[in-house]
Amino acid sequence: MAEEVISGSGSSGREGEIDIRVGLTSRDSLDSRWVFPGEDDSEIEENGDGDDDLPHRAAVDSEDEDNQEHHLIRTEPRVDSFDVEALEVHGAHRSDYEDLGIARRIIHAFQTLGVVFGDVGTSPLYTFNVMFSKAPIKGDEDVIGALSLVLYTLLLVPLVKYVLIVLWANDDGEGGTFALYSLICRHANVSLLPNQLPSDTRISNFILKLPSPELERSLKIKERLEASLTLKKLLLMLVLAGTSMVIADGVVTPAMSVMSAVGGLKVGVAAIEQDEVVMISVTFLVILFSVQKFGTSQVGLAVGPALFIWFCSLAGIGIYNLIKYDASVLRAFNPVHIYLYFKRNSVNAWYALGGCLLCATGSEAMFADLCYFSVRSIQLTFVFLVLPCLLLGYLGQAAYLTGNLNGAEKHPFFLSIPSGIFWPVLLIANIAALIASRAMTTATFSCIKQSSNLGCLVLVCSMSSINEIGNAYGIAELGVMMMTTILVTIVMLLIWRLNIIIVLSFVVFFLGLELTFFSSVLWSVTDGSWVILVFAVIMFVIMYIWNYGSKLKYETEVERKLPMDLMREIGCNLGTIRVPGIGLLYNELAKGVPAIFGHFITTLPAIHSMVIFVCIKYVPVPVVPQNERFFFRRVCPKSYHLFRCIARYGYKDVRKENHQAFEQLLIESLEKLIRREAQQRQLESDGDEDADSEEDTSFSRVLIDPNGSVYSLGVPLLAEFRGSSNSISEASISEELNPNSPASPSISDAEHSLERELSFIRQAKESGVVYLLGHGDIRARKDSWFIKKLVINYFYAFLRKNCRRGIANLSVPHSHLIQVGMTYMV
């Protein structure tokens, strides 16, 4: 919900190889880094200048962009983070669907059906019903025209847009609005929260591109996005609006699917009334949300076979009706019937567009639920099973209606079922409807579970008409689709770097199509479907207030952070008594000494001998591997014993650490950091002695693109680099194998210094670990506008008070907590 989900940081401390390829070349954190001059962050935060939060530079500034020279410098692997173990396990955290056996592939196929395709699979229950209630049919040609409209909507929106295009715009296997925003944030500094670090790009999931001729347009777009505050705010609002619509979609999907399926009882039992349909639907929804807690994989595997039977039933009934009634409906594949349909019905045909869109509902669920399955599995399942069954289902209904026009507005699907299998199909339809309800609630479950559950129950009770719910359904679905179209267009320009003609064709065609559908559903908003718009607006306002307050709070803390001159002035004892122990001070600053620390040392009679500033930071990647979770820095010179630990989490990570395990991993990783720092200092001192010889054996590589851009790669030859790395490694190993070899006085002093610091850390750990919680709150100044006072002092304060704080996930005993509050006037 918060704008705190912004940036990432990387795994470091690795030897890497130079990888230069032509075209779309990618890099991950295992390779040595390529940076623009001045982009790297400092090793120790000992100067005030090093604490400035400056955006990344995408390219060298130049008045002549066409002839500018881009310089990339190869930096050595960093050795200052926790993830030393990641040297041998790169890629272990990634899902690999290619190595699955046949049995496992079948299981994944059933899970895909049960989780992803339930929504779009149940659309035949209500699409024609809603369409013909808005535009009553007058003859067989109207049936053919409406069918043609449905067929091409299915082919264009779910198939072409989502299955063939949008699914590839995933964020390392994650789909949805936030995943698209995260992907854009990784390639351009468009975040409004200024907590990005250059080290954010060194996480193994944080894949960027090396220079290529196609980068010029991408770099210009990147610079424009980063320089314009208006564009940043607009992009954020688009993301929040899309997320609000996803939540609204998750509310209306269960209501629509379940009521349509239960409404089939009115066909089989004439005595059933609409009020009874509503009560049965509410009962089914209560059951649905009761099983949600069992998880996606378990429920998906359980209901997958049921949905497979449902798709087979759709296809079988469709073939039966085509043979029995009228196979000539196949001519609906000729798009000219769409034109004739609009020519005959004009305004009524335009009204029917709102119902026609319902055949494509669930398209966004395919993308939002991508995190559970691979792109290829979803594509293959849709193309070879889901789409053919849906097409046959709609063709069969149309064939039935050509000879039974009176049934167009009275559940045409259930009327078209052969009488001998009506009750079994009704049972399967209700099971499929419950599965469909899970398709979007799965996508929104982690966003706002309680609102989705309560909202859909309220919607069923307040909107008893399928037409009203269908219109609300169309509004929510189209809102998400349009936001996805805009974000994917940015991905095409910024990341994929496609030809501008292709990008314009995509955005003009699909956004124009969706706006046409949207105009139809908005025209009927007064029939009660305005409720879903109000719900989406409420969700948007809540998220925007949280983002606004979080940004304001972070900027205030950055402005009030303690200057390094003051830290040097008060000395390594921090102007107080240092007692044995480790203090973990939780704060939100990614750089600098937080002002709340000054409040601690002036309020408490003593402070711990070692203090670690812990910053919980959400990064724009789906999942951060455990061995890349932490990032360490010294905040002051060694004698101060002050460190910074940035604990990084992806937007899909679940934080359930135990505080003992957290402390143990932190201390072990800190010890590794100190050892590797000592090793790096020794290597640097050895390297200074051979600096002259190294200069003689290296040269700069220069890549010249066809457009004239020059990329200067200041690195030694690859073979020489490998050779030097190997020699260093061999030298280190030989020293370890010969402990009795004579050591210089400087090496001996370094070893003693290392052992003293490690011993100091162990003693501090044995004395105990205390969690210092600084609760920084913000209040609007007295001279602020009334709206600002209302938003900050009441709405944001309420949200912050009721949000789950990071320390709560560690289950820390109260005896280990010290809390100090501080209020900032903004």
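Put the Cα centre of region 531-568 next to the Cα centre of region 466-521 and the gap is 29 Å. Couplings 3J(HN,Hα) for region 323-328, derived from phi with the Karplus relation 6.51 cos²θ - 1.76 cosθ + 1.60 (θ = phi - 60°), are 6, 7, 9, 7, 7, 5 Hz, where x marks Gly and Pro. A 22 angstrom limit on the alpha carbon distance is what I want to check against. Which of K765/K801; K553/K652; K553/K617; K551/K591 exceed it? Cα-Cα > 22 Å for K765/K801; K553/K652; rest within. For M610, nonlocal amide neighbours, meaning residues 5 or more places apart or on other chains whose placed amide H falls under 5 Å from its own, are G581, G583.
Taking θ as phi - 60° and the Karplus parameters 6.51, -1.76 and 1.60, the scalar couplings of region 228-237 work out to 9, 5, 4, 5, 4, 5, 5, 5, 4, 5 Hz in sequence order, x denoting glycine and proline.
Seen from G362, the other residues with C-beta closer than 9 Å to its C-beta sum to a net charge of -3, counting Lys and Arg as +1 and Asp and Glu as -1. Taking other residues whose beta carbon is less than 10 angstrom from the beta carbon of G774, and scoring Lys, Arg as +1 and Asp, Glu as -1, yields -2.
Around the amide H of L562, modelled in the peptide plane, lie the amide H atoms of V593, A595, all under 5 Å away and 5 or more residues distant in sequence or on another chain. Taking a sphere under 9 Å around the Cβ of I646 and counting the other residues whose Cβ falls inside, with K and R at +1 and D and E at -1, yields a net charge of +4. Taking θ as phi - 60° and the Karplus parameters 6.51, -1.76 and 1.60, the scalar couplings of region 157-173 work out to 7, x, 6, 5, 5, 8, 5, 8, 10, 5, 4, 7, 8, 8, 9, 6, x Hz in sequence order, x denoting glycine and proline. Residues whose amide H falls under 5 Å from that of Y649, counting only those 5 or more places apart or on a different chain, are K617, Y618, V619, with hydrogens built in the peptide plane.
None of the figures in this text is laboratory data; all of them are computed from the coordinates on show. Everything numeric in this text was worked out from a predicted model, so none of it was measured. In this analysis, Cβ positions are derived from the backbone assuming ideal geometry, glycine residues included, and neighbour counts consider all displayed protein chains.
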